[in-house]
Amino acid sequence: MAKNSINQDEDLNKVSNTALLMRLFSYLKPYKLKVVIVLILLIYVMLCGLLNPYLLKLAIDNYISRKDLNGLITISAVLFGFNILSMFASKIRIIMMAKITNKIILEIRQELYIHIQKLSFSFFDNRPIGKILARVIGDVNSLQDLFSNSITNFIPEVLTLVCVTVIMFSMNVKLAIVSICILPFLGLTLFSVETFSRKRWQIFRQKRSNMNAYTHEDFSGIRVIEAFAEEQRSSKNFLTFVNEMMDGFLKAVKLNDTFWPIVALSSGIGTILVFWYSISLVKTGNITVGTMVAFTSYVTMFWKPIIDISNFYNTLITNFAAGERIFEILDIEPMITTLSEDKMPKIKGTVEFKNVVFSYEAGEPILNNINFKINTGETIALVGPTGAGKTTIVNLISRFYDCDSGKILIDGKDIKNVELESLRSQMGIMLQDTFLFSNSIKDNIRYGKLDATDEEVIAAAKAVNAHGFIMKLKNGYDTEVNERGSRLSVGERQLISFARALLANPRILILDEATSNIDTHTEKLVQAGISKLLHGRTSFVIAHRLSTIRDADKIMVISDGKIGEAGTHAELLKLKGHYYDLYMAQYKFLSQGA
């Protein structure tokens, strides 16, 4: 099954619990001071909790039995004071930890987003966008409880457990041994549950990712679905994905829910054993009633952190899969990287391919030993059948991919040896699949040059003859377009995209089937508008409509990954080769249509 299939579960590399935890907790390093403050507040709250049973023991054994009212009032005041301060300390640490957690989640999400933008086109080719969104949004959100619980619950509960255990052993060793005798059974059982639970949560997140991918694709293609009246089939498919996700969730939750009965059962058995044994000790006079009351309180305090630690352990298991999915993407090395910090000087426009070989899949070359040199300011047309490698050539010029072997030189510089942004910022790319953002027409055009004035935006629109239809709109350049510009016709979207590319004033201009969806009248206006702008600028034009490229300085016919023919329009017609056949076939088709 194809890697980018929506209903294919994603494979993840198995990561050890320790390694995953260490990596997650590394995000706490910038907040060390605040974490220390939170821990101090937690320790204070914990000590107040530990002190309460002991003060209660003193009150029973030393004051109530002697009817010492003044002593009882004093110890009550001490209890009240400690617990009031504990309440405020608890409130402050909750607020501080919430801020730390939210900042970490923001940092992880931003790091993931920035990293994804650096990944090559092949990454996006191999994954539905919905599955990428599931990691950026859903999986990152899942880590919030983990970070919050790790500081506010896990660390203080471990400290509480240690302190309570020490106190119980100092009060009565035999009772303490009875209290903890059930722990080995509990630990073994929880470990067994974890082994299966983590796998089930991985499956659930995979199924949720599949559903997100299907939903994103479905709504992106809603016009096609409605045009073919396939709403019912689409709904059935969606229900299938939802049911798979729900089934995965229920299986994970059912296993997770066994945590609480196991812990509760262990707590109940342990408490019963302590009560049974402590009563016998009271009867024989080995301990006082106050000691028994205090010890049973400590037993309750002993099991509370165990329950909370189990809860944190459960949270870890639930969210380990989310962490794995996030780090799986963060660990993907960008295929296209800046090998040098040398900036690309202002491009003059000479482009040269030397023995370039390229393949998307190993062993299946798309381009095979491509050689050509284009001089500054020339307009080059690439023609040939679909899949011949025309778009691949312009993608290599922009360094969206790296060639397997050979060199691509611009002004004599190997494009692999210059800083990537300085290279691409001097190129203007106009694709057949026009994309507009959910914003105003003005802002969409200005995307080519963010600091452009309104006058520059309008000038670019006029140059490609987009100004006329824009001014006919109710709000002109301030007209808001829907996602992908769905309010506009295909031709209107392409004209706006032309203006955006031209506003950037690129040194190299790439037009990939850019006029294919514009009607003949509009195309003539566009050609007239951009002809002036092409002057002095190296341009690559991919076109199936051969009438649009007759004036190109050079036409290269790409066939089976090689340059079959090259020359001007007139020269290629004289050859009566592949270009001649293509041109005559289109001429005959148009003549018959007329």
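Output the strands (runs of 3 or more DSSP E) that fall wholly within region 483-587 and possess 2 or more residues being over 30 Å from Asp443 (Cβ atoms) and modelled with pLDDT of 80 or more, or say none. Let's see the steps before the verdict.
Values: elements: 508-512, 538-542, 554-559, 562-567.
Those strands (runs of 3 or more DSSP E) span 554-559, 562-567.
Among the residues that make up region 215-229, is at least one of them within 27 Å of Pro261 (Cα to Cα) and modelled with pLDDT of 80 or more? Talk me through it step by step, then tell me what you get.
First pass over region 215-229, keeping only residues within 27 Å of Pro261 (Cα to Cα): none.
No.
Which of the residues that make up region 133-149 are without any contact (Cβ under 8 Å) to a residue 60 or more places away in the chain, more than 16 Å from Leu316 (Cβ to Cβ) and open to solvent by less than 70 Å² (accessible area, probe 1.4 Å)?
The answer is Val136, and nothing else.
With the condition kept exactly as written, say whether any residue in region 241-254 is more than 30 Å from Ser438 (Cβ to Cβ), more than 28 Å from the chain's Cα centre (by Cα) and in a helix (DSSP H, G or I). Can you show your working first?
Within region 241-254, the first condition is being more than 30 Å from Ser438 (Cβ to Cβ), and the residues that meet it are 243-244, 246-254.
Then keep just the ones that are more than 28 Å from the chain's Cα centre (by Cα); that gives 254.
This time we only want the ones that are in a helix (DSSP H, G or I), so: 254.
Taking every residue of region 241-254 in turn, at least one turns out to be more than 30 Å from Ser438 (Cβ to Cβ), more than 28 Å from the chain's Cα centre (by Cα) and in a helix (DSSP H, G or I).
Only one of (1) at pLDDT 80 or above; (2) surrounded by 15 or more Cβ atoms within 10 Å (Cβ to Cβ); (3) closer than 27 Å to Leu28 by Cβ fails for Lys99. Which number is that?
(2)
How do the pairs read when you match residues in region 189-213 that are within 15 Å of Asn319 (Cα to Cα) with residues anywhere that are part of a helix (DSSP H, G or I) and among the hydroxyl-bearing types (Ser, Thr, Tyr), using Cβ under 9 Å and keeping only pairs 6 or more apart or on different chains?
Listed pairs, sorted by first residue: Glu194/Tyr313; Ser197/Thr318; Arg198/Thr318; Trp201/Thr318.
Ala322 versus (1) touching a Gly at 6+ places or on another chain (Cβ under 9 Å); (2) open to solvent by less than 20 Å² (accessible area, probe 1.4 Å); (3) in a loop (DSSP other than H, G, I, E, B): which is the lone unmet condition?
Status for Ala322: all satisfied but (3).
If I ask for residues that are open to solvent by 60 Å² or more (accessible area, probe 1.4 Å) and in a loop (DSSP other than H, G, I, E, B), which ones from region 413-438 would you list?
Within region 413-438, Ser425, Leu431, Gln432, Asp433, Phe435, Phe437, Ser438 meet the criteria.
Of the numbered conditions (1) closer than 24 Å to Thr160 by Cβ; (2) part of a loop (DSSP other than H, G, I, E, B), Arg66 satisfies every one except a single condition; which is it?
(1)
Could you tell me which residue of region 536-586 is most open to solvent (accessible area, probe 1.4 Å), considering only residues that are of a type in the set (Asp, Glu), touching a residue at least 24 places away in the same chain (Cβ under 8 Å) and more than 24 Å from Val357 (Cβ to Cβ)?
Here is the first cut: in region 536-586, the ones of a type in the set (Asp, Glu) are 551, 553, 560, 565, 571, 581.
Narrowing the set further to residues that are touching a residue at least 24 places away in the same chain (Cβ under 8 Å) leaves 551, 553, 560.
Now narrow it down to the ones that are more than 24 Å from Val357 (Cβ to Cβ): 551, 553.
Details: Asp551: 151, Asp553: 78 Å².
Looking at the filtered set, the residue picked out is Asp551.
Restricted to region 325-336, and to residues that are of a type in the set (D, E, K, R) and assigned to a loop (DSSP other than H, G, I, E, B), which residue is farthest from Arg198 (Cα to Cα)?
Of the residues in region 325-336, the ones of a type in the set (D, E, K, R) are 325, 328, 331, 333.
Filter once more, so that each one left must be assigned to a loop (DSSP other than H, G, I, E, B): 331, 333.
Values: Asp331: 21, Glu333: 27 Å.
Only one residue tops the list, namely Glu333.
Scan region 385-412 residue by residue and report those that are open to solvent by 60 Å² or more (accessible area, probe 1.4 Å), without any contact (Cβ under 8 Å) to a residue 40 or more places away in the chain and closer than 19 Å to Phe121 by Cα.
Gly387
May I ask you to say which residue of Met87, Met46 is open to solvent by less than 40 Å² (accessible area, probe 1.4 Å) and either closer than 27 Å to Phe147 by Cα or modelled with pLDDT of 75 or more (or both)?
Numbers: Met87 fails: open to solvent by less than 40 Å² (accessible area, probe 1.4 Å).
Residue meeting the stated conditions: Met46.
Looking at Ile336, Ile309, Ile329, which is the one that is modelled with pLDDT of 75 or more and touching a Phe, Trp or Tyr at 6+ places or on another chain (Cβ under 8 Å)?
Just a single option satisfies the conditions, and that option is Ile336.
Can you tell me how many residues in region 337-378 are out of contact with any helix residue (DSSP H, G or I) (no Cβ under 7 Å at 6 or more places or on another chain) and either in a loop (DSSP other than H, G, I, E, B) or small (Gly, Ala, Ser) (or both)?
Within region 337-378, residues that are out of contact with any helix residue (DSSP H, G or I) (no Cβ under 7 Å at 6 or more places or on another chain) and either in a loop (DSSP other than H, G, I, E, B) or small (Gly, Ala, Ser) (or both) number 15.
Quick check on region 168-227: of everything there that is within 28 Å of Val274 (Cβ to Cβ) and not in a helix (DSSP H, G or I), which residue is most open to solvent (accessible area, probe 1.4 Å)? Step through it out loud before you land on a result.
First pass over region 168-227, keeping only residues within 28 Å of Val274 (Cβ to Cβ): 168-194.
With the extra rule that they be not in a helix (DSSP H, G or I), the set shrinks to 172, 181-182.
On the way: Asn172: 30, Cys181: 76, Ile182: 26 Å².
Only one residue fits best here, namely Cys181.
Could you list all residues from region 430-466 that are touching a Phe, Trp or Tyr at 6+ places or on another chain (Cβ under 9 Å) and of a type in the set (Phe, Trp, Tyr)?
Scanning region 430-466 gives Phe437, Tyr447.
Applying the selection to region 439-482, what residues are among the small types (Gly, Ala, Ser) and assigned to a loop (DSSP other than H, G, I, E, B)?
Here is the first cut: in region 439-482, the residues among the small types (Gly, Ala, Ser) are 440, 448, 452, 459-461, 463, 466, 468, 476.
Scanning region 439-482 gives Gly448, Ala452, Ala466.
The values are calculated or read from the model by the stated rules, or taken from the named source; none is laboratory data. As the structure is a computational prediction, the values presented were derived from the model and not from experiment. Cβ atoms come from the backbone with ideal geometry, glycine included; neighbour counts cover every protein chain shown. Ligands, DNA and RNA are excluded from the accessible area calculation, which covers all protein heavy atoms including side chains. Shrake-Rupley method; radii C 1.70, N 1.55, O 1.52, S 1.80 Å.
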